[in-house]
Amino acid sequence: MSEPVKVAIIGSGPAGLSAASRAAQLGLSHILLEKTDHLSDTIFKYQKGKRVLATPERLDLRSDCRFAEGAREYILGNWDEDAANNKVQVAYHAEVAEVTGEKGAFAIRTAKGDIFHAENIVLAIGTQGNPNRMRCEGADLPHIIYQVDDPEDFKDKHITVVGSGDAGIENALGVAEEALENTVTILNRSKDFARAKAKNVADMTEAGENGFMSIRTETQPKLVEAGWLTLETPTGEEKIECDVIVARLGSVAPRGFVESMGIEFTGPDREAFPKLSPTFETTVPGLYVIGALAGYPLIKHCMNQGYDVVEFINGNQALTPADEKDLAAIFAGLPQQKSVSEWLDYLRTRIRIFADVSPLQMREFMLDSKVAFYGKGDVVFEKGEPGSSLFAIADGHAVVEVGPDVTVPIEQGSIFGEVGLISGRKRGATIRAGEDAIFVEVSRTAALKLMAAVPGAKRVINRISLERQLLQIFKGGLTVEDLQPIVEDPAIERFPAGKVVLAEGDAGDDVYVIRSGSMVVEKDIGGKPIFLRYLPAGSFFGEMAVLSGAPRNATVKAAVASEVIRLKGEQFKDMLAKRPQVRAATEAAVAERAAMNDFIESRKASYSSAVDLYSDTATFIMKEGLGEATDALLIDENLCVGCDNCEKACADSHEGLSRLDREAGKTFAHLHVPTSCRHCEHPHCMADCPPNVIHRGPDGEVFMEPGCIGCGNCMRNCPYGVIRMEAAPPEKPSLLRWLLTGFGPGPGEPSPKWTKKQLGDEKPKKIAVKCDMCKGISGGPACVRACPTGAAIRVSPEEFLSIARLEEDAG
Amino acid sequence: MASLFKRGRTKATQTERVRERKHEGFLRYAGFRWAKISGGLCLLIIVSYAMVDVTPRHNGGSWYGYTLGTIGAALILWLTALGYRKRKMTSTAWSLKAWTSAHVYLGLSLIVIGTWHTGFQLGWNVHTLAWALMLLVILSGLYGVIVYATLPAALSNNRDEMTQMQMLEAIRAFDRQLHSAAQPLTPADTAPVLAALDEDPFAGGIVARLGGRYPNCATAAALRTLAASLSSDAAAREKVVGLLKQKVAALARLRAHLRLRALLEIWLYVHVPLTFALIAALSAHIISVFFYW
């Protein structure tokens, strides 16, 4: 039992510590509850010497604790000092088990049974959750670790991994790397590895067969001692040597705990965050959430919020957030003069997609957005330009050039540019300002976050984008009214890669529009499916059957996971009847496609092998996931002499690291798909980048701007394994010096040995490294320029699988 | 296409850069542009040689000879610069394929330029040495062109999607399995297996590497011995024999890979040093010519 405090802060990470320091500085009675015996456990558990980055750079730090980029020890040392200097009241070993009561009289019960009373509570527990601990005797010994930051920290050790999930297997494979010379054992309580991905199990089994690790099933730890581990096996107890235990037994996500206090979340999905007011207050009065749990994974954000939340609790209404000046800068260029909060309100009330957005979320979205004034007739973007940002009209209106001399206005409050957002393709039409206007440009990531967090915004965007996509695909011959019945109740269907949408010979007259992804069209010729063409997002198919009334004359299947809109044959016929322009356009498309089909069929008779090769190559390309590529590196192994000059050029054009592995990857008919970035339509790497530094550039390249924090999410999310986590090697001696004196490692990526020698004990931070298509290099991609024989080419799938190519190959 | 999205990159955006996406090898580059230029040059020289009347006769010292000599010497220096160009990753638009194409065809034209420069006066002197070295360089380059045109497909077929590291890794994996599988064997059967384990896949020297024949292969020897052996437990021996067969196949693939790579590279060890010898002889040739002017 203790005296009630004004504010109790749960979690002593950057956010909690900053909050407690502020409370101490303000002289508020407070208590900081930390479940371990040290501050900031997440950062404490980083590997020794790990560099912690201070992004985003433009944001000012507002906290009573210091924070600047530096090694883990330096940062933790500073914080310990700051906590002491600020006279922060910390209760260690205080794992919170339950929170009861209401504003003014909360009671916090810890796992040990202590009770703390507080008027307000700040939750700053992060998102890591609590790893499940080992339960056998000796489970509190220090050589048991719950994560492996860098497998290379372990050399020549006996390591036992406990846990049979993906995390455990991945760690075991990491430390079992041959060069590290560790003796690795993995324990599994049951007989099989049912919880892990098949690929991981296969890799592990292979490593086991090759003697890199020993896999012990139906075995669990019984007693942990320094240097030794006693196992309980089906045949009795066994004692093995063990220097390190890696326990990967899963963890309990914090969401359940947070919800048990009555706090509501924005939605049921994994990405949802607690609902918060502008002062970080949750749906429970007196309960505040800040930091990673509130959706801000970066340390600087967390620390600023800690400061702010305590100021708010202390009754400071006038405090403007630390990002105020950044927001002010965003609005600075506009003709009207308003304060930041006036601008935010102005946008929220005038733009439909922002209607349901909370003021706090609005600030966040605006930081990732731009607002600009456009004079009448100014071009916002041109047709064919790459770009995936979303525009919203705050004032005035925009006009779309949908066809020659045909324009369509878009009214104030609406949006445009959403096609790029959904399909990731280039801009489909030129847009100008219809009068003097103010447009908000929201980055793709911010827009996706908006759609995830605010269901109302998602509905509006989806409806508008569907309407526009259809308008655009049917060449402006349609009006919004024509589409009304379709848009009201759209039949949107999803197809996984390889799934057949329509089969040759089927009856049916529905027409499909590819909303995202891509399709391949095949026809059975002589008992063999022959590849006819590749359909990118924005194409439609199935129209031949509507016009001719005949069964489907080819099979269409998804090349990658795709979304299509299904239009009823009747609906489509009505549209054709009403709009002769659309009918003409459709008939032209049908004629073109029929001609192509005939061409391939005729070729099949005379150049059967060429058509087969073309078809098989297309199938191979699709199987390799190039259906979602926009620009991929291919190598013709009829020409490749294996000189690796492409890799060397890549390394020398960047910071000394190659972004491609020429030799790795699949090959078909001497066409090799090396391990290198394909610049996907919907880049998987972009999906979860905490500092949001992965973007699509003006040439369609997916690149990373500086600011990577080295979390490795993108590397794990990339299905093609093209992202490396690596530190840039030191500068090499010049090429001439190497040529003349042999000094230095020569062209290309220096060997790890050389790098190590140059660096000594220094351990630079590893960050994600990926192909940026040689962005900013006027000569274009270095891999292709540096190929001496012309084996390396960069193409998009539709360029590569064009009919022109078949004709070329057929001679 | 039935799409309104004009996806072809026909209209370049402002930032669109030079992109090489035409699929053609260095020999066919730009419709045999450099073959045509080089062929034209040779034809011009042969025809003009016959038409120009130099007194007393054609030789390297006439105005015509000097012209050809200057062109040839400049060309040799420029051709040598390929070695620098290939390694210097400047950011401007250039294509190493175009350079290689020009290198090959202009290099071949040196046969005509150099030989016609001599006026067919050859002898045992430093001048002819330079000419002979030039022909040797061209000859080694010709070999390079032939292997570049013929071997890559074989290299690709042989490696069958495996990388060199994976081939080595496969052999090491068989070694580890052999090590444990050979435990129950008798000492007489174990010895050849141990020898096979100690075998360095890279050993054998340049002749074996280029020829692809390894008569002293310890793995093959172990396979022969164990297949014929009657001692040891039959099941255990069978397992070892199976593993040895797999290792022999893995070694064969690696050796074929190394052989092809060696054949693709070996000529450079002749071509490049001879080029420097040529430049030395060429310098001596030029200096002596001016010395005795």
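From the phi angles alone, apply the Karplus equation (6.51, -1.76, 1.60; θ = phi - 60°) to segment B:197-208 and give each ³J(HN,Hα) in whole Hz, x where the residue is Gly or Pro.
5, 6, 5, 8, x, 8, 5, x, x, 5, 5, 5
Given labels modelled 7 Å from the Cα in the Cβ direction, how far is it in nm from B:Q121 to A:Q147?
8.3 nm
If the cut-off is 16 Å between C-alpha atoms, which lysines fall inside it for A:K623, apart from same-chain ones fewer than 8 positions away?
Of all the lysines, those that pass the test against A:K623 - Cα under 16 Å, at least 8 places apart if same chain - are A:K499, A:K557, A:K666.
For a quick check: with amide H placed at 1.01 Å from N, whose amide H comes under 5 Å from A:E98's, ignoring anything fewer than 5 positions away on the same chain?
Excluding prolines and chain starts, which carry no amide H, the hits are A:R109.
What ³J(HN,Hα) values, in whole Hz, does the Karplus curve 6.51 cos²θ - 1.76 cosθ + 1.60 give for segment A:518-534 when θ = phi - 60°, with x put for Gly and Pro?
7, 10, 10, 10, 10, 9, 7, 10, x, x, 10, x, 10, 5, 9, 6, 10
With r defined as the distance between the Cβ atoms of B:M51 and A:S609 and R0 fixed at 60 Å, what FRET efficiency is calculated, to the nearest 0.05?
Using R0 = 60 Å, I get an efficiency of 0.75.
Using a cut-off of 17 Å between alpha-carbon atoms, which lysines can reach A:K732, once sequence neighbours fewer than 8 places away in the same chain are excluded?
Cross-link targets: A:K648, A:K753, A:K756, A:K757, B:K88.
Whole-Hz ³J(HN,Hα) for each residue in segment A:767-774, computed from phi via Karplus 6.51 cos²θ - 1.76 cosθ + 1.60 with θ = phi - 60°, x for glycine and proline: what do you get?
Running phi through 6.51 cos²θ - 1.76 cosθ + 1.60 with θ = phi - 60° gives 10, 6, 10, 9, 4, 10, 6, 6 Hz.
Which FRET efficiency, nearest 0.05, do A:T619 and B:A236 yield, Cβ-Cβ r, R0 45 Å? Mind dumping the intermediate values first?
Numbers: r = 45 Å, r/R0 = 1.00.
Once the sixth-power term is evaluated, E becomes 0.50.
Using 0.36 nm times the number of residues separating A:I43 and A:H93, minus their current alpha carbon distance, what extension gain do you get?
16.3 nm
So what's the net charge close to A:L657: Lys and Arg +1, Asp and Glu -1, counting the other residues with Cβ under 9 Å from its Cβ? List each step's numbers first, then the result.
Numbers: positive: A:R659, A:R724; negative: A:E655, A:E726, A:E749.
Net of charged neighbours comes to -1.
Within segment A:24-83, report the trypsin sites (Lys or Arg not before Pro) that DSSP leaves as loop and that have at most 11 other Cβ atoms within 10 Å.
Here the sparse-neighbourhood loop sites are A:K48, A:R58.
Helix-only estimate, please: 222 nm mean residue ellipticity of chain B, summing -39500 (n - 2.57) across DSSP H runs of length 4 or more and dividing by its residues, to the nearest 500.
Result for chain B: -24000 deg cm²/dmol, rounded to the nearest 500.
Using only the alpha-carbon atoms, how far is helix A:455-473 inclined from the longest principal axis of chain A? Give it as 0 to 90 degrees, nearest 10.
20 degrees
Calculate the spin-label point distance for A:F265 paired with B:A249, positioning each point 7 Å from the Cα along the beta-carbon direction, and give it in nanometres.
5.1 nm
Taking amide H positions as placed 1.01 Å from N in the peptide plane, with prolines and chain starts having none, which residues 5 or more places from A:A632, or on another chain, fall under 5 Å of its amide H?
Here the answer is A:V795, A:S796, since their amide H atoms fall under 5 Å of that of A:A632.
For A:E218 and A:L334, compute 0.36 nm times the residue count separating them, minus their Cα-Cα distance, and round to one decimal in nm. All intermediate terms of the calculation are to be shown ahead of the outcome.
Details: separation 116, 0.36 × 116 = 41.76 nm, distance 6.80 nm.
Gain on extension, A:E218 to A:L334, equals 35.0 nm.
To the nearest 0.05, how large is the calculated FRET efficiency for A:C136 and A:A71 if R₀ is 35 Å and r is the Cβ-Cβ distance?
The pair A:C136/A:A71 has a calculated efficiency of 0.55.
Of the options A:P729, A:I767, A:H682, report the single residue whose Cα projects farthest towards the positive end of the charge dipole of segment A:670-771 (beta-carbon charges: Lys, Arg +1; Asp, Glu -1).
Of the candidates, A:P729 comes out farthest on the positive side.
Using only DSSP helix segments of four residues or longer, with each worth -39500 (n - 2.57), what per-residue ellipticity at 222 nm results for chain A after dividing by its residue count and rounding to 500?
My calculation for chain A gives -9000 deg cm²/dmol from helical runs alone.
Measuring from centroid to centroid over Cα atoms, what is the spacing of segment B:131-188 and segment B:245-293 in Å?
First find each Cα centre; the distance between them is then 19 Å.
Quick one: putting +1 on the C-beta of Lys and Arg, -1 on the C-beta of Asp and Glu, what dipole do you get for chain A around its Cα centre, in Debye to the nearest 20?
420 debye
Pull up the cross-link candidates among the lysines for A:K191, meaning alpha carbon to alpha carbon under 23 Å and not fewer than 8 places away within one chain.
A:K199, A:K222, A:K239
Once the Cα gyration tensor of segment A:324-473 is diagonalised, what are the square roots of 5 times its eigenvalues, in whole Å and ordered largest first, as equivalent ellipsoid semi-axes?
Working from the Cα gyration tensor, I get semi-axes of 24, 18, 13 Å.
Out of B:V104, B:V126, B:V207, any idea which swings most in a Gaussian network model of chain B, alpha carbons joined below 10 Å?
Result for chain B, Cα springs under 10 Å: B:V207 fluctuates most.
Simple spin-label model, 7 Å along Cα-to-Cβ: B:I206 to A:A272 in nm?
Distance between label points: 7.3 nm.
If I stretch the segment between A:F743 and A:E81 completely, what's the gain in nm (0.36 nm per residue apart, minus their alpha carbon distance), one decimal?
Details: separation 662, 0.36 × 662 = 238.32 nm, distance 4.69 nm.
Answer, rounded to one decimal: 233.6 nm.
For A:Q220, which sequence-distant residues (separation of 5 or more, or a different chain) have an amide H within less than 5 Å of its own amide H, given hydrogens modelled in the peptide plane?
Long-range HN contacts for A:Q220: A:E232.
What stretch of chain B, leaving out the sites themselves, is the longest with no GluC sites (Glu not before Pro) in a DSSP loop having at most 15 other Cβ atoms within 10 Å?
Working: sites that count: B:E16, B:E161.
Here the longest run is B:17-160.
Tell me, what are the semi-axes, in whole angstrom and largest first, of the equivalent ellipsoid of the protein assembly as shown as set by the roots of 5 times the Cα gyration tensor eigenvalues? Don't jump to the answer; show the numbers that get you there.
Working: eigenvalues 638, 384, 211 Å².
One finds semi-axes of 56, 44, 33 Å for the protein assembly as shown.
What dipole magnitude, in Debye to the nearest 20, does segment B:164-266 give about its Cα centre under +1 on Lys/Arg Cβ and -1 on Asp/Glu Cβ?
360 debye
The numbers here are math on the coordinates, done by the rules we state, and not lab data. In this text, all values refer to a predicted model and were calculated from it rather than measured experimentally. In this analysis, Cβ positions are derived from the backbone assuming ideal geometry, glycine residues included, and neighbour counts consider all displayed protein chains.
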